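Here's the structure, in structure tokens; my notes come after.
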Amino acid sequence: MTNKLMCISLLLALVVAGCNSADQESARKAAASPEIAAKVNNELPVRSPGKPGAPITIAYTVLGTPVVGQPVAIEVRVSTSLSEAPVRVSYFVNDVESMRFPESQARTTELSAPADEGYAARQVTVIPLREGRLYLNVTAEVETSAGRMLKTMAVPIAVGQGAADPVLNGELRETADGETVISMPAVEN
């Protein structure tokens, strides 16, 4: 029995000694790098909360009443918090059976926001080919210090009499950044 106790005591002493030397090694590395210090202390490095997003805002206005077979213009407004940074804007339609571009419509353009307005605006023309809710996809890209970032938005276009406005689930709220979001709090049963 004493041999078992001695073995267990020796093992515990080795484990404790190993932990102490590992702690000393971690402390030495922590002094060398703040990121390592954060990992050693089980903390995350200091970062912005939330998902990183492109510093771009996209807004739109459908000009006129969309009718099947007739061109309709959509004004797309793009702004960025990066001054002097050009924004590349691309337009595309996923379902070519439901909507198309006129041949004269450019699919890509590069914009710079005028200083007095704060945004750049362009008109995009599409031709709806059926009734219902159709979507024009708009992608805006900007070069940042972290690399190229982009934001995409689907612009809904209600064509015809059968196209009803979507039902809003939740309530509209404004975030601290000024962005309007739909708040849908959880409800317990």
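The values are calculated or read from the model by the stated rules, or taken from the named source; none is laboratory data. The structure presented is a predicted model; accordingly, all values stated were derived computationally and were not measured. Reconstructed Cβ throughout: ideal geometry from the backbone, glycine too, with neighbour counts over all protein chains shown. Note: accessible area is taken over every heavy atom of the protein model, side chains too, but ligands, DNA and RNA are not part of it. Shrake-Rupley method; radii C 1.70, N 1.55, O 1.52, S 1.80 Å.
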(request) Place a +1 charge on the Cβ of each Lys and Arg in the range 46-159 and a -1 charge on the Cβ of each Asp and Glu, then give the dipole magnitude about the Cα centre in debye, rounded to the nearest 20. (result) 360
(message) Check which residues have an amide H placed less than 5 Å from Leu129's amide H, if you skip close sequence neighbours.
(response) Gly69, Met99, Arg100
(message) Check which residues have an amide H placed less than 5 Å from Thr144's amide H, if you skip close sequence neighbours.
(response) Met149
(request) With the convex hull built on the Cα atoms of the range 46-159, state its orientation-averaged projected area in nm². (result) 8.4
(request) Provide the net charge surrounding Pro185, with neighbours chosen by a C-beta distance below 15 Å and charges set as Lys +1, Arg +1, Asp -1, Glu -1. (result) -1
(request) Per residue of the range 125-142, in order, report the coupling 6.51 cos²θ - 1.76 cosθ + 1.60 (Karplus, θ = phi - 60°) as ³J(HN,Hα) in whole Hz, putting x for Gly and Pro. (result) 10, 10, 10, x, 10, 7, 7, x, 9, 10, 10, 9, 8, 10, 10, 10, 10, 9
(request) Go through Asp95, Asp177 and list them by solvent-accessible area, largest first, probe radius 1.4 Å. (result) Asp177, Asp95
(message) With a 1.4 Å probe and all protein chains kept in place, how do Phe101, Phe92 rank by accessible area, largest first?
(response) Phe92, Phe101
(request) Leaving out ligands and nucleic acids, note down the accessible area per residue over the range 46-159 with a 1.4 angstrom probe, in whole Å². (result) 59
(message) Just to confirm a number: summing +1 for Lys and Arg and -1 for Asp and Glu over residues other than Asn137 whose beta-carbon lies under 14 angstrom from that of Asn137, what do you get?
(response) +2
